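Working notes for the structure below.
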Amino acid sequence: MINFAAEMISKNKIKAIKQLENKKHRRETGLFVAEGPKVVSDLLETYPAISVIATEPWFQTHPALQAQETIVVTEEELRRVSFLQHPQQVMGVFKTPVQTASLTSLCERVSQELCLALDGVQDPGNLGTIIRIADWFGIETIICSLDTADAYSPKVIQATMGSIARVQVVYTDLVSLIDQLPTGTAIYGTVLDGTDLYHQALESRGLLVMGNEGNGITSAVSARLTHRLLIPSYPAERKTADSLNVAIATAVTCAEFRRRQTF
């Protein structure tokens, strides 16, 4: 039962939540923050909620809420603690899932299904959107290089629109992972000197690598690709943009992989 007569949120609680914007504090506490009805509701189905801070109307529509702590706040109090310019009724503090996995277990996944690998993707908005894209196309595992942005920063969580609840994001050394994959494993990567995506054979399993926003895939990973993919521009004879945004390129490539599986 939610106590609608609860006291206002304390300054110490606000400070503790605000500190979770910092990667160091997220790692030390093992916690992350999510905001908004859609994101919080999706996460509540999967992750243990430590705290849920919300307005009374939101709590009234969620009477069966399971959380260690519930704090009823006014709109003004929510603005004080929120990371958003325009807070949306509710925010939650959740336990961060394990973000590492053994190379053996990751190799097994890549051998059985299509997995995404992100090689130095830095922009939180891009990472969050890619997680959302993976969710849409049924890709359950994203393997990030150690220098990829933190998937549990507030900006990334917000950009996933709840998809972080259904996609596992792990961090490891990509070169070490690729070197342990069984011989014959398909390792795809989008590169500017690749072969037309639409004229290559695409399997339903393997590793699809997407690179850094400015520099693309690192040379060490690029040297290990078995299939170098190019998303062609149209028409070929006209000058176009130099490249696609990495999230857009991910969506285009994943769509083509899934399209092939329908035939």
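The values are calculated or read from the model by the stated rules, or taken from the named source; none is laboratory data. Keep in mind that this is a model prediction, so the values were computed, not measured. FYI the Cβ positions are ideal-geometry reconstructions off the backbone, even for glycines, and counts take in every protein chain you see. In case anyone asks, the SASA skips ligands and DNA or RNA and just uses the protein heavy atoms, side chains included. Shrake-Rupley method; radii C 1.70, N 1.55, O 1.52, S 1.80 Å.
Among the listed residues Ala251, Ala241, identify the single one that is touching a residue at least 24 places away in the same chain (Cβ under 8 Å) and at negative phi. Before the answer, list the steps.
Values: Ala241 fails: touching a residue at least 24 places away in the same chain (Cβ under 8 Å).
The conditions single out Ala251.
Looking only at the stretch 205-242, which residues are under 16 Å from Leu174 (Cβ atoms), among the aliphatic types (A, V, I, L, M) and either open to solvent by 60 Å² or more (accessible area, probe 1.4 Å) or in a loop (DSSP other than H, G, I, E, B) (or both)?
Answer for the stretch 205-242, where residues must be under 16 Å from Leu174 (Cβ atoms), among the aliphatic types (A, V, I, L, M) and either open to solvent by 60 Å² or more (accessible area, probe 1.4 Å) or in a loop (DSSP other than H, G, I, E, B) (or both): Ile217, Ala223, Leu225.
Identify all residues within the stretch 12-26 that are open to solvent by 30 Å² or more (accessible area, probe 1.4 Å) and farther than 14 Å from Gln158 by Cβ; write none if there are none. I'd like the intermediate steps shown before the answer.
Quick first cut of the stretch 12-26, residues open to solvent by 30 Å² or more (accessible area, probe 1.4 Å) only: 12-13, 15-16, 18-19, 21-25.
Asn12, Lys13, Lys15, Ala16, Lys18, Gln19, Asn22, Lys23, Lys24, His25, listed by residue number.
Do you know which of the residues in the stretch 125-163 that are in contact with a Phe, Trp or Tyr (Cβ under 7 Å, 6 or more places away or on another chain) and of a type in the set (A, V, I, L, M) is farthest from Ser82 (Cα to Cα)?
Within the stretch 125-163, the match that is farthest from Ser82 (Cα to Cα) is Leu146.
Please go through the stretch 65-86 and give me each residue that is touching a residue at least 40 places away in the same chain (Cβ under 8 Å) and either surrounded by 19 or more Cβ atoms within 10 Å (Cβ to Cβ) or closer than 22 Å to Thr46 by Cα (or both), ordered by number.
Within the stretch 65-86, Leu65, Thr70, Ile71, Val72, Val73, Val81, Ser82 qualify.
Consider Phe59 carefully, then state whether it is closer than 30 Å to Ser176 by Cβ and of a type outside the set (Lys, Arg). If you could, list the steps in order and put the result at the bottom.
Working: closer than 30 Å to Ser176 by Cβ: no; of a type outside the set (Lys, Arg): yes.
Criteria not met by Phe59.
Name the residue that is modelled with the lowest pLDDT, counting only residues in the stretch 93-124 that are over 24 Å from Val175 (Cβ atoms) and surrounded by fewer than 24 Cβ atoms within 10 Å (Cβ to Cβ). Before the answer, list the steps.
Taking the stretch 93-124 first, the residues over 24 Å from Val175 (Cβ atoms) are 93-97, 124.
Of the ones still in play, those that are also surrounded by fewer than 24 Cβ atoms within 10 Å (Cβ to Cβ) are 93, 95-97, 124.
On the way: Val93: 97, Lys95: 94, Thr96: 93, Pro97: 89, Pro124: 96.
If we take residues in the stretch 93-124 being over 24 Å from Val175 (Cβ atoms) and surrounded by fewer than 24 Cβ atoms within 10 Å (Cβ to Cβ), then Pro97 is modelled with the lowest pLDDT.
Could we say that Thr29 is open to solvent by 20 Å² or more (accessible area, probe 1.4 Å), out of contact with any helix residue (DSSP H, G or I) (no Cβ under 8 Å at 6 or more places or on another chain) and of a type outside the set (A, V, I, L, M, F, W, C) here?
Details: open to solvent by 20 Å² or more (accessible area, probe 1.4 Å): yes; out of contact with any helix residue (DSSP H, G or I) (no Cβ under 8 Å at 6 or more places or on another chain): no; of a type outside the set (A, V, I, L, M, F, W, C): yes.
No; evaluated as a whole, the condition is false for this residue.
Among residues belonging to the stretch 166-189 that are assigned to a loop (DSSP other than H, G, I, E, B) and under 22 Å from the mean Cα position of the chain (by Cα), point out the one that is surrounded by the most Cβ atoms within 10 Å (Cβ to Cβ). Before you say what the answer is, go through the steps one by one.
Keep residues of the stretch 166-189 that are assigned to a loop (DSSP other than H, G, I, E, B), which gives 166-167, 172-173, 181-186.
Those left that are additionally under 22 Å from the mean Cα position of the chain (by Cα): 166-167, 172-173.
Values: Arg166: 16, Val167: 21, Thr172: 18, Asp173: 12.
The extreme case among them is Val167.
Applying the selection to the stretch 112-165, what residues are in a loop (DSSP other than H, G, I, E, B) and of a type in the set (A, V, I, L, M, F, W, C)? Spell out the reasoning first.
Here is the first cut: in the stretch 112-165, the ones in a loop (DSSP other than H, G, I, E, B) are 113, 120-123, 137-140, 145-153, 161-162.
Across the stretch 112-165, the qualifying residues are Val121, Phe137, Ile139, Leu146, Ala149, Ala151, Met161.
Can you tell me which of Thr183, Thr141 is among the β-branched types (Val, Ile, Thr) and either closer than 18 Å to Leu31 by Cα or at pLDDT 95 or above (or both)? Outline the logic, then answer.
Values: Thr183 fails: either closer than 18 Å to Leu31 by Cα or at pLDDT 95 or above (or both).
Of Thr183, Thr141, the one residue that is among the β-branched types (Val, Ile, Thr) and either closer than 18 Å to Leu31 by Cα or at pLDDT 95 or above (or both) is Thr141.
Can you pull out the residues in the stretch 64-116 that are among the acidic types (Asp, Glu) and farther than 27 Å from Ile50 by Cβ?
We begin by selecting, within the stretch 64-116, every residue among the acidic types (Asp, Glu); these are 69, 75-77, 108, 113.
Within the stretch 64-116, Glu108, Glu113 meet the criteria.
Is there any pair linking a residue in the stretch 33-62 that is at negative phi and surrounded by fewer than 15 Cβ atoms within 10 Å (Cβ to Cβ) to one that is part of a helix (DSSP H, G or I) and hydrophobic (A, V, I, L, M, F, W, C), with Cβ under 7 Å and at least six apart or on different chains, and which?
Glu45/Ala165; Thr46/Ala165
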